[in-house]
């Protein structure tokens, strides 16, 4: 039953996993292990899951409909060739390049071993309830189970010979791994929990019926006693290892090199070149000379196919991303920058990208903290106050004025969907009015010229 260098088939189930599948596959193909194949079982994903997966040397894509978890795994296994089967969820990311080897080592010279499942670690931004569940369920001690039939196939390996006898139940809608575990234990097999084969897993085990306050208390205690699980990210998610595309959008057909416009553009590109992480700079413009003179890559605005006549930033970024990906670069993060803002907070771009990745957000952008009083005109022509009251500054809730043009870091998943913020945002706030100065706003241009001259 043991092979020193077996052919392993890795089955990855997916449904709309565009955000995670690239990180999962990158970690899999980085494994220090010989001879394995990857089978993707996709449940009619409506996003770019399959397109992202095709960037990697996967062996087969199995398309299914009417998803049932056990049947999805079985269908993938039926299309595989390995003597050993690995099941891993698309949103699980192996922690290191020994993950596969540490799962397999348990089968060498082992008798009546039905399966091995590895540890699951929360991410730094996993919810308290999910973090609690993962840390309680997956400890640091290795276990050999002869009566306990707990088994979790989000990170597991089983021999094909065992699966031939005990395929996963194809009718049940959940806990197919637990049902399988009961079958093999009752048949006289054993199950091993291997903590040295960990993956990062965003989700927990029990998603309902949790008290958030209680969960937070438990998670805090567990964090203290298990430092390995906290405050870290898989290498592929860390800012220094992701693909970043910085995009500047130019509306003008031609720009005079002696103009303030060109000076602001030069300053913006210089700031982007100082980002601590690897970033490719793109300029969407009508004229190639602008990009080449600044050492950036050019996206020809003349060739973009627009869906509407009323173009907005979101559509321009989405079209730019499509063009970037057509050139073979698939960034995880888009950094939108408007060059008309000459006075940015120091190291803003690094802050945006770091917070986006470590907090697991869809987008991060700066906001100006504004305590002013604001009014608007309704449809009938009446003026209505939109802030709370005439209370003093200290008693009022501030309004957060978004300044996307200063720099907005967004997951490429959201940009591809045609939106710049998504539904899980982070805000870097400041109260320095100088940061808000925009050369295109009335009255700001002269102030900017004066401040730039004074800074020389």
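Among the residues making up the stretch 343-363, those that are closer than 18 Å to residue 123 by Cα and either outside any loop (DSSP other than H, G, I, E, B) or out of contact with any strand residue (DSSP E or B) (no Cβ under 7 Å at 6 or more places or on another chain) (or both) are 353, 354, 355, 356, 357, 358, 360, 363. Checking the stated criteria, residue 247 turns out to be at pLDDT 95 or above, touching a helix residue (DSSP H, G or I) at 6+ places or on another chain (Cβ under 9 Å) and either buried (at least 17 other Cβ atoms within 10 Å of the Cβ) or on the phi > 0 side of the Ramachandran plot (or both). For the stretch 269-287, a residue qualifies if it is closer than 19 Å to residue 325 by Cα and either under 28 Å from the mean Cα position of the chain (by Cα) or modelled with pLDDT under 90 (or both), and the qualifying residues are 278, 279, 280, 281, 282, 283, 284. Does the stretch 128-159 hold any residues that are surrounded by 13 or more Cβ atoms within 10 Å (Cβ to Cβ), outside any loop (DSSP other than H, G, I, E, B) and over 33 Å from the mean Cα position of the chain (by Cα), and which are they? Once the filter is applied, which keeps residues that are surrounded by 13 or more Cβ atoms within 10 Å (Cβ to Cβ), outside any loop (DSSP other than H, G, I, E, B) and over 33 Å from the mean Cα position of the chain (by Cα), the stretch 128-159 yields only 145. Consider the stretch 180-221 and keep the residues that are closer than 23 Å to residue 140 by Cβ and either assigned to a loop (DSSP other than H, G, I, E, B) or outside the structural domain of residue 153 (by TED's automatic domain parsing) (or both). The one that is modelled with the lowest pLDDT is 206.
Scan the stretch 329-342 and tell me whether some residue there is over 17 Å from the mean Cα position of the chain (by Cα), modelled with pLDDT under 90, in the same structural domain as residue 439 (by TED's automatic domain parsing) and surrounded by fewer than 10 Cβ atoms within 10 Å (Cβ to Cβ). No, that holds for no residue.
Those strands (runs of 3 or more DSSP E) of the stretch 256-342 in which at least 3 residues are farther than 21 Å from residue 422 by Cβ, considering only elements entirely within it, cover 279-285, 297-300. Of the listed requirements (1) modelled with pLDDT of 85 or more; (2) within 30 Å of the chain's Cα centre (by Cα); (3) in a loop (DSSP other than H, G, I, E, B), residue 170 misses just one: (2). Just to be sure, is residue 72 outside the structural domain of residue 411 (by TED's automatic domain parsing), surrounded by fewer than 15 Cβ atoms within 10 Å (Cβ to Cβ), out of contact with any helix residue (DSSP H, G or I) (no Cβ under 8 Å at 6 or more places or on another chain) and modelled with pLDDT under 95? In short, no.
The values are calculated or read from the model by the stated rules, or taken from the named source; none is laboratory data. From a predicted model like this one, the values you see are computed outputs, not experimental measurements. Because the Cβ atoms are built from the backbone with ideal geometry, glycine has one as well, and the counts that use them run over all protein chains shown.
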